[in-house]
Amino acid sequence: MQQKADIIVHHVEVATMVGGRYGLIHDGAVVIQEGAIRWVGPTEDLPDLRAGEIIDGGHRLLTPGLIDCHTHIVYGGNRADEFEARLRGATYEEIARRGGGIMATVRATRAATAGALAEAARPRVQSLLDEGVTMLEIKTGYGLNLETESKMIEAMERLSAELPVEIVKTFLGAHTLPPEFQNRPDAYVDEICKTMLPEIAHRVEAVDVFCETIGFTPAQTRRIFNCARNHGLAIKLHAEQLSNLGGAALGAEMGALSADHLEHLDEAGVRAMAHNHVVAVVLPGALYTLGDKNRPPMDLLRQYHVPIAVATDANPGTSPIFSLLTVMNMACVLLHLTPEEALAGVTCHAAQALNRQDRLGTIEPGKQADLVCWNVSSPAELSYYLGYNPCHLIIHHGKVIG
Ligand code: DI6
Ligand code: FE
């Protein structure tokens, strides 16, 4: 180690999250140099170093920076009218059939400029960042044509340039069938594979598909994934949300990073995910918002040691939620995750869902210095509150940002 550190944080309770567990270091310290974690251990064993800045954590909890690994946070308009309609008894599917739902957001997104989309998303993203999110994934999917999907990516690029957060961009052209291709789903899949993906591939990292009865069939999903892989992109999918089409097993077979939602996942799907190291991303905000009584098979996921990530699914229809802490609470209350599992779900397992496990998600030497210091004294306290932000200090890439 060089003789001078940039930052030393000491007298903190360190939740390392190595191996998916708290791994608490009592009265710990972290040495940060050139954006990376160089040393972690008990404060009393801290190497004798000069440091640019020494932060006394006052025995607060220190965790990895939080990662929101599944969002649709860039979009035009909002759907408060549908919220009211559902309160009066309409269902999500009925609203979609009337031309609302995802298509309502597609119309508003097509009508907006890239600048307006970024402007509208900024406070929503900021609300995540205020709670210690240092990395997030954002999906396209409200354009459904090359022009608007590209515009959504431009909005994400703007946010990425302006805000202290790493953004993973995912192409979700296969979110729903656009009206231009009504009754011609295979022609739209052609459009995705032959026109949209070749133009967009260099600007995104991953491709997602809504594999569902009201989305795309497993055969169509497979075609899109083959095309994504030919462009060197990672794959992930919305699977088993409303029905069981075997999407998770298909994703597993094709090397998907994650399968997300999973309310209707069966044991064969769980086994396939475990065998191929696919992360299960659970999205309790969508269950909460829609009052869905179905639940992902949490016990089977645990039994087969499938890593479980937790994300907001932030979107204007099924999860208008811009608080990852709230969603951690929902994961505990609605899905019975332990607070330890919820924290792993937004750190190490979320990193794995975005293929960042080598660089992010735990506090150990060599990892990027993305850290959050919390005004709480135990990790469980993080998932316990609702509507209260105990974030004390955020370090992103070795710099104190808030
Ligand atoms: N599943 C979801 O929860 C979101 N998309 C998807 O495929 C919902 C998107 C929306 O209603 O706007
Ligand atoms: Fe989603």
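Some points to look at:
- Accessible surface of the chain, 1.4 Å probe, proportion on carbon and sulfur as whole %: 50
- Mean projection area, nm², convex hull over Cα of the range 271-328: 4.2
- FRET efficiency for the pair residue 4 and residue 27, taken as 1/(1 + (r/R0)^6) with r the Cβ-Cβ distance and R0 = 22 Å, rounds to 0.40.
- Cα gyration tensor shape of the range 58-159, rounded if a/c is under 1.5, else prolate or oblate by comparing a/b with b/c: oblate
- Principal semi-axes in Å for the range 73-116 [√(5λ), Cα gyration tensor, largest first]: 22, 10, 6
- Convex hull of alpha carbon positions in the range 168-253: directionally averaged projected area 5.3 nm².
- Pairs beyond 18 Å (Cα-Cα), from 194/236; 139/169; 139/367; 139/236; 4/399: 194/236; 139/367
- Normalised radius of gyration (Cα atoms, divided by 2.2 N^0.38 Å) for the range 352-402: 1.30.
- With DNA, RNA and ligands ignored, accessible area of residue 193 (1.4 Å probe; Å², nearest 10): 20
- Placing R0 at 41 angstrom, the Cβ-Cβ distance between residue 80 and residue 219 gives a FRET efficiency of 0.65 after rounding to 0.05.
- Cα centroid of the range 147-177 to Cα centroid of the range 71-128, whole Å: 16
- Three-way shape label, the range 1-52, alpha-carbon gyration tensor, a/c 1.5: prolate
- Estimated D of the range 261-402 in µm² per second, where Rh is the Kirkwood radius over Cα pairs and Stokes-Einstein applies at 4 °C, 1.567 mPa s: 82
- In degrees, nearest ten, helix 218-230 long axis to first principal axis of the chain (Cα): 50
- Phi-based couplings in Hz for the range 192-201 (Karplus 6.51, -1.76, 1.60; Gly and Pro marked x): 4, 6, 9, 10, 6, 4, x, 6, 9, 3
- Here the Karplus relation 6.51 cos²θ - 1.76 cosθ + 1.60, evaluated at θ = phi - 60°, turns the backbone of the range 106-117 into coupling constants of 4, 4, 5, 6, 4, 7, 9, 8, 4, x, 5, 5 Hz, with x for every Gly and Pro.
- With all protein chains kept in place, the per residue accessible area of the range 163-289 amounts to 36 square angstrom at a probe of 1.4 angstrom.
- By the Cβ distance rule (another cysteine Cβ under 4.7 Å), the unpaired cysteines of the chain are 69, 211, 332, 348, 373, 391.
- Each principal axis of the Cα cloud of the range 21-115 was evaluated for its coordinate range; sorted largest first, these ranges are 67, 32, 20 Å.
- Backbone HN-Hα couplings from phi across the range 170-184 [Karplus 6.51/-1.76/1.60, Hz, Gly and Pro as x]: 10, 8, 10, x, 8, 8, 8, 7, x, x, 4, 10, 3, 6, 10
- Cα centroids of the range 1-39 and the range 229-263: 35 Å apart.
- Rounded to the nearest 20, the size of the Cβ-charge dipole of the chain about its Cα centre is 680 debye, with Lys and Arg at +1 and Asp and Glu at -1.
- log10 of Debye I(q)/I(0), alpha-carbon scatterers only, for the chain at 0.07, 0.11, 0.14 Å⁻¹: -0.31, -0.76, -1.20
- Most mobile listed residue (88, 271, 203) in the chain, GNM with C-alpha springs under 10 Å: 88
- With the whole protein complex present, residue 10 retains an accessible surface near 40 Å², based on a 1.4 Å probe.
- Proportion of all alpha-carbon pairs of the range 128-284 beyond 21 Å (%): 45
- You can think of it this way: the chain between residue 385 and residue 195 has 63.7 nm of extra reach, that is 0.36 nm per residue less the Cα-Cα gap.
- Cα pair distances of the range 108-167 binned at 5 Å [whole percent]: 4, 20, 31, 23, 14, 7, 1
- Here the extension length gained between residue 54 and residue 94 equals 8.7 nm, from 0.36 nm per residue of separation less the Cα-Cα distance.
- Surface accessible to a 1.4 Å probe, residue 194 within the full protein complex, Å²: 150
The values are calculated or read from the model by the stated rules, or taken from the named source; none is laboratory data. These figures come from a predicted structure and were not determined experimentally. Cβ sites come from the backbone with ideal geometry, for glycine too, and all protein chains shown count toward neighbours. To get the accessible areas, we keep the full protein, side chains included, count just its heavy atoms, and leave off ligands, DNA and RNA. Shrake-Rupley method; radii C 1.70, N 1.55, O 1.52, S 1.80 Å.
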